[in-house]
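One structure is given here, and the rest of the page talks about it.
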Amino acid sequence: MKIIIDDKIPYIRDAVTKIAEQVIYVAGKDFTPELVRDADALIIRTRTHCNRELLAGSRVKFIATATIGYDHIDTDYCRQAGIEWTNAPGCNSGSVAQYIQSTLLLLQSMRLKNLSKLSIGIVGVGNVGSKVAKIAQELGIKVLLNDLPREEKEGSGNFSSLKRITEECDIISFHVPLYRDGKYKTFHLADTDFFKSLRRKPIIINTSRGEVIKTEALLAAIDQELISDVVIDVWEHEPDINRDLLKKAFIGTPHIAGYSADGKANATRMSLEAICRFFNIEATYSINPPEPTSPIINTKSREDALLQIYNPLEDSERLKSNPELFETLRGDYPLRREANAYKLP
């Protein structure tokens, strides 16, 4: 079997040798029709667009994307071509929750926000949003949840309208998938009308997809002081991000909220397991991220310990200093472990 793999997918090289006879690693943007023509399977990330242009005439039978999102896969074409695919839902939910937790602690320490007096609206309450809600509640923040698909299935009792969130929340955090049209459209969910409906000058956080927020509308909201701060990890037109928005953001990072080593290992494991199931392969392998160099955190405060483990301002400063290196900063991201890898006070 021949598998072509994005060369930035970690912890995979030893394990995949137990599965495939031939493995080729290539940059995500460099997948070509010629390259994939005789491949049986692909393991990709968001930079590889799997569509008719790439796949027509190939023998590809299975695509695994080591990401939560799958809008880079033309699922209609794959169905027509008989190509199965899988994503990795929830793989990096702990990592994104860690990013949000550290962000909230920075708002407390640097913006002097009394978290126990704030409310947060979580738009999208799946694997990630549910963990963010739990973290916010533990910090004493009032939580409002918005998730139309879940509300339709479960009833409205635990959910709030987007209108209520725009009127009552001090923080609004987006955790929705990108749907460009249809009943649950999220493309430009936060547009000019959305920002004009805000009542409390909230902090806007986006770690979902860049296209969920209309960049021009967000910039206008900043200039008109309709919002008090913005934290952006995902951008329209990545990697050609809006430099003006980067300058104005409290925190601006290169799409790395979900890039903990733990999340990456989960995604790699899920991708390989899916390939083994599809091709009926029995394989024994282990995928574990490296241990942290200093697993014991010496500080009396749990909040300080969490920021020692991960402080998103460091990623933000690197991007703001070198915005042209967006892809490099993302592709060569340093080791980051989640809190459960450390001994906390």
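Please treat every number below as a calculation from the coordinates, not as lab data. Keep in mind that what you see is a predicted model, and the values were worked out from it rather than measured. Using ideal geometry, Cβ is built from the backbone for each residue, glycine included, and neighbour counts are taken over all protein chains shown.
Average projected area of the Cα convex hull of region 27-86, in nm²?
3.4 nm²
Picking from 342, 331, 249, whose Cα lies most toward the positive end of the charge dipole for the chain (charges on Cβ: Lys, Arg +1; Asp, Glu -1)?
Result: 342.
Considering all alpha-carbon pairs of region 74-137, what whole percent are spaced by more than 18 angstrom?
So the pairs more than 18 Å apart make up 52 percent of the total in region 74-137.
Quick one: net charge of residue 90's neighbours, Cβ under 13 Å, K/R +1, D/E -1?
Residues close to residue 90 contribute a combined charge of +1.
In Å and on Cα atoms, what radius of gyration and Dmax does region 112-175 show?
Using the Cα atoms of region 112-175, the pair Rg, Dmax is 11.3, 39 Å.
Quick one: Karplus J couplings for region 264-280, per residue in order, coefficients 6.51, -1.76, 1.60, θ = phi - 60°, nearest Hz, x for Gly and Pro?
5, 4, 4, 5, 4, 4, 5, 5, 5, 4, 5, 5, 4, 5, 5, 9, 6
Got a sec to turn the phi values of region 114-122 into Karplus ³J(HN,Hα) couplings, 6.51 cos²θ - 1.76 cosθ + 1.60 with θ = phi - 60°, whole Hz, x for Gly and Pro?
Each residue of region 114-122 in turn: 8, 4, 5, 9, 9, 10, 10, x, 9 Hz.
Checking the table 113/248; 8/300; 117/320; 113/185; 18/264; 131/163 against a 28 Å threshold on Cα-Cα, which pairs fail?
Result: 8/300; 117/320; 113/185 exceed 28 Å.
Return the single residue from 276, 169, 91 with maximal mean-square fluctuation; model: Gaussian network over the chain, springs between Cα atoms under 10 Å.
276
Find the all-direction average of the projected area of the Cα convex hull for region 36-194, expressing the result in square nanometres with one decimal place.
Reported value for the Cα convex hull: 11.2 nm².
What nm value, rounded to one decimal, do you get for the distance between residue 168 and residue 321 when each label is placed 7 Å out toward the C-beta?
About 4.3 nm, to one decimal.
Shape call for region 250-300 from the C-alpha gyration tensor, a ≥ b ≥ c root eigenvalues: rounded (a/c under 1.5), prolate (a/b greater than b/c) or oblate?
Because a/c hits 1.5 or more and a/b fails to exceed b/c, region 250-300 counts as oblate.
Using the Cα centre of the chain as origin and beta-carbon charges of +1 (Lys, Arg) and -1 (Asp, Glu), tell me which of 105, 213, 36 is placed farthest towards the positive end of the dipole.
Most positive-ward Cα: 105.
Based on C-alpha coordinates, I'd like the Rg and Dmax of region 306-345, in Å.
When restricted to Cα atoms, region 306-345 yields Rg and Dmax of 12.3, 39 Å.
If you put +1 on each Lys and Arg Cβ and -1 on each Asp and Glu Cβ, how big is the dipole of region 5-89 around its Cα centre, in Debye rounded to 20?
100 debye
Would you tally the net charge around residue 311, using a Cβ to Cβ cut-off of less than 13 Å, leaving residue 311 out, and scoring K and R as +1, D and E as -1?
Local charge sum for residue 311: -3.
Applying a 10 Å radius around every beta-carbon, put 102-108, 306-312, 76-82, 333-339 in order of their mean neighbour count, most first.
102-108, 306-312, 333-339, 76-82
Is there a quick way to get the dipole size of the chain? I mean about its Cα centre, with the Cβ of Lys and Arg at +1 and of Asp and Glu at -1; what is the value in debye to the nearest 20?
760 debye
Just order 20-33, 119-132, 220-233 by mean Cβ neighbour count inside 10 Å, highest at the front, would you?
Highest-to-lowest ranking by the protection proxy: 119-132, 220-233, 20-33.
Hey, what do the phi angles of region 172-178 turn into as Karplus ³J(HN,Hα) couplings, whole Hz, using 6.51/-1.76/1.60 and θ = phi - 60°, x for Gly and Pro?
Computed from phi, the couplings for region 172-178 are 10, 10, 9, 9, 9, x, 8 Hz.
Would you grab the residues whose amide H sits under 5 Å from the one on residue 7? Only those 5+ places off in sequence or on another chain, please, with H modelled 1.01 Å from N.
Those lying under 5 Å, H to H, from residue 7 are 26, 27, 28.
With charges only on Cβ, +1 for K and R and -1 for D and E, what is the dipole size of region 231-325 about its Cα centre, in debye, rounded to 20?
140 debye
Which entry in (i) 29, 57, 14, 0; (ii) 27, 61, 11, 0; (iii) 28, 53, 19, 0 is this structure's computed P(r) over Cα pairs in 20 Å bins from 0, in percent?
Here P(r) over Cα pairs in 20 Å bins from 0, in percent agrees with entry (i).
Expected output is a single nm value to one decimal: the length gained when fully extending between residue 108 and residue 301, i.e. 0.36 nm times separation in residues minus the C-alpha distance. What is it?
68.1 nm
Which residue, 215, 293, 192, has the most motion in a Gaussian network model of the chain that connects Cα atoms within less than 10 Å?
In the Gaussian network model the winner is 293.
Taking the Cα atoms of region 189-345, what is the range of coordinates along each of the three principal axes, in descending order and whole Å?
56, 48, 31
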